[in-house]
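Encoded as structure tokens, the structure appears first; notes follow it.
The values are calculated or read from the model by the stated rules, or taken from the named source; none is laboratory data. None of the values given here were measured: they were computed from a predicted structure. Positions of Cβ are backbone-derived with ideal geometry, glycine not excepted, and every protein chain shown enters the neighbour counts. For the accessible areas, the whole protein counts, side chains as well, though only heavy atoms, and no ligand, DNA or RNA atoms are used. Shrake-Rupley method; radii C 1.70, N 1.55, O 1.52, S 1.80 Å.
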Amino acid sequence: MSKKHIPILIQDEPWLADFETQIQERKARSEKALHEIQNYSGSIIEYAGMHEYYGIHFESWRNGWVYREWAPAANQLYLIGDFNGWNLSSHPMRRNPRGDWEIFLPYEKYKDRFVHQGKVKVRVESAKFTLDRIPAYITRVVQDPENHDFSGQLWFPEKFQWSDSDFSPKSNFKQPMIYECHIGMAQEKLGVGTYAEFEELTLPRIKAAGYNTIQMMAIMEHPYYGSFGYHVSNLFAPTSWFGTPEELKSLINRAHEMGIAVVMDIVHSHAVKNVNEGLNEFDGSENQYFHPGERGYHEGWDSKLFDYGKFQVQQFLLSNIRYWLEEFHFDGFRFDGVTSMIYNHHGHISFSDASTYFDEGVDEDALLYLQLANTLIHTVNPNAISIAEEVSGMPGLCRGVADGGIGFDYRLAMGIPDFWIKTLKHKLDEQWDLFELWHELTNRPKKEKSIAYAESHDQALVGDKSIAFWLMDKDMYFNMSILQPSLVVDRGVALHKMIRMITLTLGGEGYLNFIGNEFGHPEWVDFPREGNDWSYQYARRQWSLVDDTLLRYQQLYAWDKAMIKLATEHQLLSSPPAVQLHLDPDKKILAYERGGMIFVYSFNPAESFFGFSIYVPKPGSYQILLDSDEKKFGGFKRLDPTISYPTDDSQHLQLYIPNRVVIVLERKK
């Protein structure tokens, strides 16, 4: 085969040559699917427009409301709600020529009954049961405060007035600095935070910290607050836990006005198994939206798994993507659970052999869905971003579909936080292996972009600890005052700063931080549940800690802010990967160059070094840009930032390197 017919992915990654057939087949399958979509719908955007057909809509040409539902196995559907006094049989639906269930409500007859905020459900009669369900495409779901029952809610507000037309996320996504956050736990109060509170109180903090992108968790409706938003029931409904859809739009609009992009944590990898609230057995069959039997159930997550091979499911999920992009102006998505999606074994094997990326364990339907999803995202908004939470290292995940890839822009570097937690759990400081550290932070495909992070929400959940808590544990309760010396806290503060700086500057082309971790938020994350007496103690962010100038949280925050500012101003993450300059495994000294800056680390727990020789790529005189030992960052001020460091004849710098410090130098122009 001539080189021009070999997928670009293989041309760039020759080690994949043995799997050319499989990669060609994936490429051909996506091309065939797109061709069929264009023939069927005209474009992938039109194909992803089922939310404009199904659900409840006002049709001006008919002067009334129409409600449509896909429920092929059902025997009969009835629309019920406040508008008809919850009469179970007065409003039967009929099958239309497409085979969908449909009912029309004339405006003149129902204008005073079918009203904004009215509650609705659909009664589904099937061979298996008769149940009252929530419409699949409903855009608002609320819970009754007395009986805790969930219902769909008619939502006919005045049109929201956006003022973000001048905003484009293009520059943000050249080097995304992502602030991962959960609206409900973003406030200090013992309760659920709201969209409005987040807009007023939290957005200014994010802007001041220097992050250019928010990654919002738990936006899709979920009946159980403690699921962290991952047991989704109603995919088109922004969760009412935090407020109204218009309040979410206002938050996003304000973020855009502040120059902050907004990415949604989208959950298309699984769905809640609840029958009353979700899609499970919606039409009485177990295989409408999900795979039947064992294949349709994820034991680890106790949830249902979509059948991506069904075109109706494909359209449902693609329409969901278009809906969030267009209706709420999201700037892209972080796809949850991609590893679970793309493998029938959900990633529960060791990926020690490249063949595991192409054998019978791969769900090719899921891969095709993700190729279509990424094509749709970048068609609707060419400047939007897609991020994959994927741990196996699937080749081509972040390469273009036309190149033989899956089409994501970035993948989360999930091995990095695992490395840090294992290191902190199992190794003494003097046992840290800098060769292993370098490998874990730099081992990634050359042409696939990664989002590096030291910890996300996953690492802080109950049963584990945040990095700050691993480092300082109970001393965080008693010894965080700047007036109280503590060897444990001194060590913890020093390593916390170094871990974040090396992860940011070495680990990828983007960076992520979980809300509050930038200042070393203490303790873990635990949502109210029966096991903790429904407490909100650990489902909030204690901003008063960082606001107190007498506590060391403020020093960690000052470092994070300076670190983000440095990377942003120097466009560090859009620079080529780092080049190692020095690695001394015994003295625990590491140096590298990236973005024209020299980064020097001493992970040595006790010893400082005078006149330490570090090679640099260019001769000249170097100045300290930033060092973690400054007093304002909780250090000991052992370095003088006014000193110049000239190179010697062999192009080396002679540096004083204190223990547990990172020094950033730049050559004077």
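GluC sites (Glu not before Pro) within the range 232-334: which are DSSP loop residues with at most 12 other Cβ atoms inside 10 Å? Walk me through the intermediate numbers first.
Working: sites: Glu246, Glu247, Glu257, Glu277, Glu281, Glu286, Glu294, Glu299, Glu326, Glu327; in loops: Glu277, Glu281, Glu286, Glu299.
Taking the range 232-334 and a limit of 12 other Cβ atoms within 10 Å, the loop GluC sites (Glu not before Pro) found are Glu299.
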> Any idea of the accessible area per residue across the chain, 1.4 Å probe, to the nearest Å²?
Replying inline: 39 Å²
> Which of the listed residues, Val192, Val232, Thr244, is farthest toward the dipole's positive end in the range 150-244, when Lys, Arg count +1 and Asp, Glu count -1 at the beta-carbon?
Replying inline: Val232
> Between Asn287 and Glu569, what length comes free when the chain is fully extended (0.36 nm per residue of separation minus the Cα-Cα distance, one decimal in nm)?
Replying inline: 96.3 nm
> In what order, largest first, do Lys32, Lys561, Lys27 sit by accessible area if the probe radius is 1.4 Å?
Replying inline: Lys32, Lys561, Lys27
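Just list whichever of Lys474/Lys637; Lys422/Lys497; Lys174/Lys618; Lys449/Lys561; Lys447/Lys668 have alpha carbons separated by over 20 Å in the model shown. Write down the numbers at each step before the final one.
On the way: Lys474/Lys637 27 Å; Lys422/Lys497 18 Å; Lys174/Lys618 27 Å; Lys449/Lys561 24 Å; Lys447/Lys668 31 Å.
With Cα atoms farther than 20 Å apart: Lys474/Lys637; Lys174/Lys618; Lys449/Lys561; Lys447/Lys668.
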> Within straight cross-link reach of Lys128, meaning Cα distance under 28 Å, which lysines are found once same-chain residues fewer than 8 apart are removed?
Replying inline: Lys119, Lys273, Lys304, Lys310
>> Compute the angle between helix 245-257 and the longest alpha-carbon principal axis of the chain, please, reported from 0 to 90 degrees and rounded to the nearest 10.
In response: 30 degrees
>> Quick query: amide H of Glu180 versus all other amide H atoms, modeled in the peptide plane; which residues come in under 5 Å with a sequence gap of 5 or more or a different chain?
In response: Gln215, Asn513, Phe514, Ile515
> Taking all protein chains as present, what is the carbon and sulfur share of the accessible area of the chain, in % to the nearest whole number, probe 1.4 Å?
Replying inline: 51 percent
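Could you tell me what % of all Cα pairs in the range 66-126 have separations over 17 Å? Intermediate values should be presented prior to the final figure.
Details: 681 of 1830 pairs.
Roughly 37 percent, once rounded to a whole number.
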> Bin by bin, in steps of 5 Å, what percent of the Cα pairs in the range 335-411 do you find, going until the bin that has the longest distance?
Replying inline: 3, 16, 29, 26, 16, 6, 3, 1
> Is it possible to state the helix-based mean residue ellipticity at 222 nm for the chain, with each DSSP H run of 4+ residues giving -39500 (n - 2.57), the sum divided by total residues, to the nearest 500 deg cm²/dmol? What is it?
Replying inline: -7500 deg cm²/dmol
> When the dipole is taken about the Cα centre of the chain, and only Lys, Arg (+1) and Asp, Glu (-1) are charged at their Cβ, what size is it in debye, to the nearest 20?
Replying inline: 1180 debye
>> Just to confirm the filter: which GluC sites (Glu not before Pro) across the range 599-669 are DSSP coil and have at most 15 other Cβ within 10 angstrom of their Cβ?
In response: Glu607
>> If DNA, RNA and ligands are ignored and the probe is 1.4 Å, what is the ranking of Trp15, Trp241, Trp324, Trp438 by accessible area, most exposed first?
In response: Trp15, Trp241, Trp438, Trp324
> So what are the ³J(HN,Hα) numbers for the range 517-532, from phi and the Karplus equation (6.51, -1.76, 1.60; θ = phi - 60°), rounded to whole Hz, Gly and Pro as x?
Replying inline: 5, 5, 10, x, 3, x, 6, 10, 10, 8, 7, x, 7, 4, x, 10
> Can you give the relative contact order of the chain as a percent, counting alpha carbon pairs under 8 Å and 6+ residues apart?
Replying inline: 11 percent
> Tell me, what ³J(HN,Hα) does each residue in the range 266-278 have, in order and in whole Hz, if you take phi through Karplus 6.51 cos²θ - 1.76 cosθ + 1.60 with θ = phi - 60° and put x for Gly and Pro?
Replying inline: 9, 10, 10, 8, 6, 8, 4, 7, 3, 7, 5, 9, x
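In µm²/s, what is D for the chain at 37 °C and 0.692 mPa s, where D = kT/(6 pi eta Rh) by Stokes-Einstein and Rh is the Kirkwood radius from Cα pairs? Before the final figure, lay out each step's value.
Working: Rh = 26.9 Å.
Rounded to a whole number, D works out at 122 µm²/s.
When a/c reaches 1.5 or more, the comparison of a/b and b/c decides; with that in mind, is the range 114-202 rounded, prolate or oblate per its Cα gyration tensor?
Values: a/c = 2.16, a/b = 1.80, b/c = 1.20.
It is prolate, given that a/c is not under 1.5 and a/b is the larger ratio.
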> What whole number of Å gives the distance from the Cα centroid of the range 383-410 to the Cα centroid of the range 587-640?
Replying inline: 35 Å
